[in-house]
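The values are calculated or read from the model by the stated rules, or taken from the named source; none is laboratory data. Since the structure is predicted, the reported quantities are computational estimates derived from the model, not experimental observations. Quick reminder, even Gly has a Cβ in these numbers, built from the backbone with ideal geometry, and neighbours come from all protein chains shown.
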Amino acid sequence: MVLGRRGAGKHRPRRVGQCPAAAPSCIFDVGSPPLRPTPIRNLVRPVASRGAPQRSMHSDLLRSAARRHASVTLWVANVAAGTLVGTAYLGHVPADASPAAWVFGALGLLSSVATLALVPALMLWLIHRWVRSDFYAAPAAGLVGGVFLVLLAADTLVFTLLGHHFNGAVWNVVSTRGSEDAVRLGAGVWVPSLGALALVTAVEAWLWRSLFRRRLACGARPLPRSLSLRPIALLAGAYLAVFAAEKTIYAAAEYRCDRRVHEVAQVLPLYQGLRVSSLLPEELADDERPPAVEFRLGDRALAYPDRMPRVDPAGARPNILVLVLDTWRRDMLDARATPNLWAFSRTARRFEDHWSGGNSTRFGIFSLLYGLHGSYWFPVFEARRPPVLMDVLAELGYERAVFSSASQSYPEFRETAWADVDPTLIFDDHDAERADGRDLLVAERFAAWMDGREGTVDPFFAFVLLDSPHQPYDAPPAGPFQPAAEALNYLELARSDAPDLVERVFNRYRNAVHHADGVARGILDVLRAHGVLEDTLVVITGDHGEEFQENGFWGHTSNFSHEQLAVPMLLAGPGVEPGVECRATAHADLPATLLELLGADPAEREHWSQGGNLLAPPAERPLVVAGWEHLGLILGGEVFRVGIEARSPLDVAVFDRAWRPVADPAGAYLREFPRIEDLARECTRFLADEPARWWTAAR
């Protein structure tokens, strides 16, 4: 029986999976190879009612497969584009990185981007499931990809500017009321960013729609799910292979304490390394591996203080004024930038080697008022615990007031330092957009408050914060330092460190400091006019410093360098001898200094403070500073950056005072290991053994 002649002359069917000539072949076809061609025209041709349900079901399945194909292909394209954007991170890899470190960097970058892209993958899946309209699915998918790529690009700029990725500190800025006083990006950032988002979204929406239409034009019957998921399985396998390779390289480096691979890992966004050294049994442990110190702070409850200080009832009760110029670095106390405060320093005690407790307002002010290391900020915030200094002043009958041109809700000082201060005496809401204008209003509020105290016999504690020297360095036009930048453009700062740009930005900052100096003089004049200046302990300082590319960074929060930590400190008033102190002092010394001037017993200091006395500093001392994720231990000419949750020698990096990695970090680590252990103990000194209770945050 010959079957070959049957049907002779009829149209010869295309091979299985073949698309019409007008329809190009499809890639990443999650609908899988079609079993039989079905031209798109057949999907819309009127049919008899008898076959309508079957054809409608076939059309729905084909459309679903085309949407799935478009979404998966778009996701792969975003991973590729994100990896290309992420190559900017590799520009921060140390020049002496080993070949293994570079291989790890390439694999780690691809793995990190793909891992981050799992979030848009989930969003694309939800769009596929819930957005039935193809018309709306395209822009929705485009928006998902656009947000992903723009956020990744923004993170590269954040890392370039600040030395860290989007982290809890960035989220704290976004989510905390009042942060708009501290962080103002301006039109120079928002307009290009939103424009880039719109452009990328449009391109990705067009790509999704094109992929969908081309796949739909293939007009073939979808395959069973077991076959249609094959491309996704292949992509998952490739991802797992890259993931396993880079984790293996990191684990081997961690076991050997290879700092070069670890340094590369620090530049990758949200990278989590595989640590095996702590999991191995003792018989497999490396005897030559340096000892590890653990900062396991966890969620332990606050146990501060051990004991409240006892103050001599017959002690002096001077007024106290703490005047803080935000972002006031130490070399800005001079006759040009701050002529009024420079003149005041001649009648005060000036501390020439003074250090803030942190590289941001949060940790600088925290150490200034609490006398604790910055690592205690988090348990203090959870417990809503005011400082011992404020407790004692309240018991002694001091009237306490706060005047600030920046919101005291960010950082959360209303819930910590000022938790028991009368809210009506916290003046931080001013009708002025710019910080220089708010500074003037702060001075007016302070003067009005002092007028209202006329005839009051109770002493006062006043805290004043002038914010104009903080970014964006607001000051009246035509300041004394020129040429000065008209505005700050963070995109420009991220792209350039040109000397002329540095000069213009630095002059803008100096003009802002000069403006704050004039406001500070007005505040001191108010005390003088009321005849109480001589009876007031006056503290004038900065919360932290500011960097202008001295070590390759702009601003603060990026490192523990001299420029970001060294600040002026002036102290004047009853019991304080004018002069110059050249020994090292720190913000954490202030609470004990003030209370001991009021009659507190120095022998009890260790029960509530980790600082000393500004008037009797030791000849040598370690200095402890804090950032959001790290502590800094300053020992002589070296700075040890220690992770707040450090568990490995690799979590301790060593730099010189110019913030350059030292030649032998392992040797420095071993030499100062006892000091690092002391720091770990100090960071748990005022923590209880039991975890924090859920109700402590509601106090």
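The residues on offer are Ser64, Ser98, and the sole one that is closer than 17 Å to Val264 by Cβ, among the hydroxyl-bearing types (Ser, Thr, Tyr) and surrounded by fewer than 18 Cβ atoms within 10 Å (Cβ to Cβ) is Ser98.
Comparison of Leu149, Leu157 shows that the only residue that is farther than 18 Å from Gln272 by Cα, surrounded by 15 or more Cβ atoms within 10 Å (Cβ to Cβ) and modelled with pLDDT of 95 or more is Leu149. Would you confirm whether or not region 590-611 contains a residue that is surrounded by fewer than 20 Cβ atoms within 10 Å (Cβ to Cβ), among the charged types (D, E, K, R) and in contact with a strand residue (DSSP E or B) (Cβ under 9 Å, 6 or more places away or on another chain)? So far as region 590-611 goes, yes, one or more of its residues are surrounded by fewer than 20 Cβ atoms within 10 Å (Cβ to Cβ), among the charged types (D, E, K, R) and in contact with a strand residue (DSSP E or B) (Cβ under 9 Å, 6 or more places away or on another chain). Applying the condition of being of a type outside the set (A, V, I, L, M, F, W, C) and closer than 25 Å to Pro386 by Cα to region 428-446 and asking which residue is surrounded by the fewest Cβ atoms within 10 Å (Cβ to Cβ) yields Asp429.
Each residue in region 523-549 was checked for being touching an Asp or Glu at 6+ places or on another chain (Cβ under 9 Å), in contact (Cβ under 8 Å) with a residue 24 or more places away in the chain and under 22 Å from Thr327 (Cα atoms), and 7 of them qualify. Within region 401-417, being of a type outside the set (Lys, Arg) and either within 15 Å of Asn172 (Cβ to Cβ) or not in a strand (DSSP E or B) (or both) holds for Ser405, Ala406, Ser407, Gln408, Ser409, Tyr410, Pro411, Glu412, Phe413, Glu415, Thr416, Ala417.
Of the helices (runs of 4 or more DSSP H) entirely within region 589-699, those holding at least 1 residues that are polar (S, T, N, Q) and either without any contact (Cβ under 8 Å) to a residue 40 or more places away in the chain or under 27 Å from Thr557 (Cα atoms) (or both) occupy 590-597.
The residues of region 418-437 that are in contact (Cβ under 8 Å) with a residue 40 or more places away in the chain and assigned to a helix (DSSP H, G or I), listed by number, are Ala435, Asp436.
Of everything in region 426-457, what is touching a Gly at 6+ places or on another chain (Cβ under 7 Å) and modelled with pLDDT under 95? Give them in sequence order. None - no residue of region 426-457 is touching a Gly at 6+ places or on another chain (Cβ under 7 Å) and modelled with pLDDT under 95, so the list stays empty. Hey, any hits in region 447-469 for a residue that's surrounded by fewer than 18 Cβ atoms within 10 Å (Cβ to Cβ), touching a strand residue (DSSP E or B) at 6+ places or on another chain (Cβ under 9 Å) and free of Cβ contacts under 8 Å to residues at least 24 places away in the same chain? No, region 447-469 contains no residue that is surrounded by fewer than 18 Cβ atoms within 10 Å (Cβ to Cβ), touching a strand residue (DSSP E or B) at 6+ places or on another chain (Cβ under 9 Å) and free of Cβ contacts under 8 Å to residues at least 24 places away in the same chain. Summed over region 378-399, the residues that are out of contact with any Ser or Thr (no Cβ under 9 Å at 6 or more places or on another chain), on the phi < 0 side of the Ramachandran plot and surrounded by fewer than 19 Cβ atoms within 10 Å (Cβ to Cβ) give a count of 5.
Residues in region 512-550 that are touching a Gly at 6+ places or on another chain (Cβ under 9 Å) and farther than 24 Å from Ser360 by Cα: Leu533, Glu534, Asp535, Thr536, Leu537.
Checking Gly531, Gly522, Gly552, Gly542 one by one, the residue that is under 27 Å from Leu491 (Cβ atoms) and not hydrophobic (A, V, I, L, M, F, W, C) is Gly552 and no other.
I'd like to know if region 531-542 contains one or more residues that are within 27 Å of Val625 (Cα to Cα), of a type in the set (Ser, Thr, Tyr), modelled with pLDDT under 95 and under 27 Å from the mean Cα position of the chain (by Cα). Scanning region 531-542 turns up no residue that is within 27 Å of Val625 (Cα to Cα), of a type in the set (Ser, Thr, Tyr), modelled with pLDDT under 95 and under 27 Å from the mean Cα position of the chain (by Cα). Of all residues in region 413-427, at least one satisfies being over 29 Å from Pro313 (Cα atoms), touching a Lys or Arg at 6+ places or on another chain (Cβ under 9 Å) and crowded, with 21+ Cβ neighbours inside 10 Å. Pairs are defined by a Cβ separation below 6 Å, a sequence spacing of at least 6 or placement on different chains, a first member in region 101-127 that is assigned by TED's automatic domain parsing to the domain that holds Thr248 and hydroxyl-bearing (Ser, Thr, Tyr), and a second member that is buried (at least 21 other Cβ atoms within 10 Å of the Cβ) and not in a helix (DSSP H, G or I); the pairs so defined are Ser112/Leu268; Ser112/Pro269.
One residue stands out in region 270-296 among those that are surrounded by 12 or more Cβ atoms within 10 Å (Cβ to Cβ) and either of a type in the set (Ser, Thr, Tyr) or over 23 Å from Cys257 (Cα atoms) (or both): the one that is modelled with the lowest pLDDT, namely Ser277.
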